[in-house]
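Right, one structure below, let's go through it.
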Amino acid sequence: MQRPYLWRWFTIPIKSVSKVKAVNNPWVQRPVRLILLLGGLIFCLNVQAQEIPLLEKKLSISFERESVESVLKKVEQEAGCRFSYSPSVLDVKQNFSGKFEDRPLREILETVFKGEVQFKTKGNYVILTPRPQEKKEIVISGYVVDEGGQGIRDATIYDPITLKSSTTDQFGYFELEVKNPAEENFQLIVNKKDFSDTLLLEKKSAFQKIRLKAEEIDWQKLGKSVSESAKEVWFWTKSSKGVRNSQNLDSTLSRTIQFTLVPFVGSNRKISGAVVNDFSFNLIGGYSGGTRIAELGGIFNIDRGDVSWVQLAGLYNQVGGQTRGLQLAGLVNMTLDSVKAFQGAGLINFTTESLQGVQMASFINYTHRDVRGVQVSAFLNWGRNVSGFQLGLVNLADSLSGVSFGLLNIVRNGYRTLEFGANEMLPLNLSFRSGTRRFYNFFQAGFRPESLDSPTWSFGYGIGTAPRLGKKTFLNIELSADQVSNGSIEALNLVSKAYLGFEYQMANNFALFVGPTLNWRRYDTSFFGHPELFSYSDPNIFFESENLDRRLGSQLWMGFRAGFRFF
């Protein structure tokens, strides 16, 4: 029997492969045809999959007291669709006002018709019909979105009484039919992993837009999860005797000293996780119930309970309870309870409770709760309520009764201002301050619009303090430095300022400031493209010098700063 042509078109006789000479051979052309055909099919499927349904097309459109009929005509032009409806059934003469920014067509129509119209699409047409009124059930529909307004896919919406449920599609849209909804006990619940649950108690509107808030990270839970993973790296199997013993023995045993090669291979054998030792020496790494005096690990130490007074590891220390005394690691120290100690790590110190003492790390110090002491790192320090001192590139805190010193200090309940002002060089200056009044840092920029092609501008950084003088007055003491350029930056032209000024707080969120500045300019004397410093003022330059060998010049003068601040 002769095989179908399509089969013969794709089939390559094995015996003929060795006789193929060139691309013109039909046996070579057939796999090429097959590849092209499959590629075309995949492309078509992708195009079809990526096509956005008509009701999910997003529009930006506004209406101001326009009839619904006019609204539909404008939407038709924007969405590229046609509406089909009966004017005798739908009231399209009533007026509507509204503004929509990047909203789905479905949501716009639900808002215009107040949920009283249902929609069906057929090709390029949207068919509008009244929503049935006399029914024992209602259809709840709408969108589930995140805080940024993006649709959340695969969220679950359910009625806890009837247990009927629905899930959102790729655009965050859902529909759920609810039978006999009683006013007093009607509720819907929305669930999505990594988002807070939402309880809906309103049945008046059949269309809902539900905004879910992402859950805050539970750092203590995360820390314990990470620690469990790290611990299980050394628990060879889930069914090992060491693991079973650690899980079964809640009470702890005591020993004076422990010697361990790796967890469960040592003097405390398979019950090491339930033994608290005075001293613990771990050649590679150890796992114990706790340490009372000192623990030393070649690579790591893991303790289920408290540790004091000394814990040293080549790479990693982990304590499930409290840490007291001295804790040092080549990379990471992790404590899942409070710390009253000096923590030193080559990379990260991580504490899920409070800290009383000192944290020093080359990268990050993180304390989930209160800090009473010192945090020093090359990059980031974080504490909730900090009483003490933070030194790092970036310092973060909820509240601070102490000093944060770094390039960027952010205190959520602290001192933040946006400043607009002028000085003797530049009439337009913008500055942002962050930290506390005891100590803050600021970034600033200035502009003189004498020429849009090559304007004079500046940018800089500074630090300051603002002690209180009276109920509404403050003293400002600041040091800053600004690079001043004309167009692009081609040479050194640095103006350092010492500012002593006064701030009067006219309202809770508004203040005026004014004060003198002492200015010291250092600039490259070999460059002749420096901008003119003073085009609308004429301060007295009372000192000027030039170093011929280093090609550096200096100038000294008195200036001013004035403006207003928003808090």
Please sort 465-474, 415-424, 363-372, 534-543 by packing, taking for each peptide the average over its residues of neighbouring beta carbons within 10 angstrom, highest first. 363-372, 415-424, 465-474, 534-543
R0 of 51 Å, Cβ-Cβ distance ASP102-ARG255: FRET efficiency to nearest 0.05: 0.15
Could you check how many percent of all C-alpha pairs in segment 502-557 are farther apart than 15 Å? 64
Report the full-extension gain for the segment ALA498 to LEU518: residue separation times 0.36 nm, less the Cα-Cα distance, to one decimal in nm. 6.7 nm
Give me a comma-separated list of calculated 3J(HN,Hα) values for segment 119-127, in order, Karplus coefficients 6.51, -1.76, 1.60 applied at θ = phi - 60°, integers in Hz, x for any Gly or Pro. 10, 9, 10, 9, x, 9, 9, 10, 9
In nm, what is the difference between 0.36 nm times the number of residues separating ASP453 and GLN77 and their Cα-Cα distance? 131.2 nm
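Where does each of 455-463, 312-320, 518-526 land if you order them by average Cβ count within 10 Å, highest first? Let's see the in-between values first.
Working: 455-463: 18.2, 312-320: 22.6, 518-526: 16.6.
Put in order of decreasing packing, that is 312-320, 455-463, 518-526.
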Filter LYS193/LYS270; LYS73/LYS114; LYS57/LYS192; LYS122/LYS213; LYS73/LYS213; LYS57/LYS164 down to the pairs with a C-alpha to C-alpha distance above 27 Å, please. LYS193/LYS270; LYS122/LYS213; LYS73/LYS213; LYS57/LYS164
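Of the GluC sites (Glu not before Pro) in segment 479-567, which ones lie in a loop per DSSP and count no more than 14 other C-beta atoms within 10 Å? Display every interim value, and only then the final one.
Numbers: sites: GLU490, GLU503, GLU532, GLU544, GLU546; in loops: GLU490, GLU532.
Passing sites in segment 479-567 are GLU490, GLU532.
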I'd like the FRET efficiency for THR121 and SER88, computed as 1/(1 + (r/R0)^6) with the beta carbon distance as r and R0 of 22 Å, rounded to 0.05. 0.50
May I ask you to order 108-114, 119-125 by the average number of other C-beta atoms within 10 Å around their residues, highest value first? 108-114, 119-125
Quick check: pseudo-label points 7 Å beyond the Cα along Cα→Cβ at TYR461 and THR473, how many nm apart are they? 3.4
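The numbers here are math on the coordinates, done by the rules we state, and not lab data. Keep in mind that this is a model prediction, so the values were computed, not measured. We place every Cβ from the backbone using ideal geometry, glycine too, and count neighbours over all the protein chains shown.
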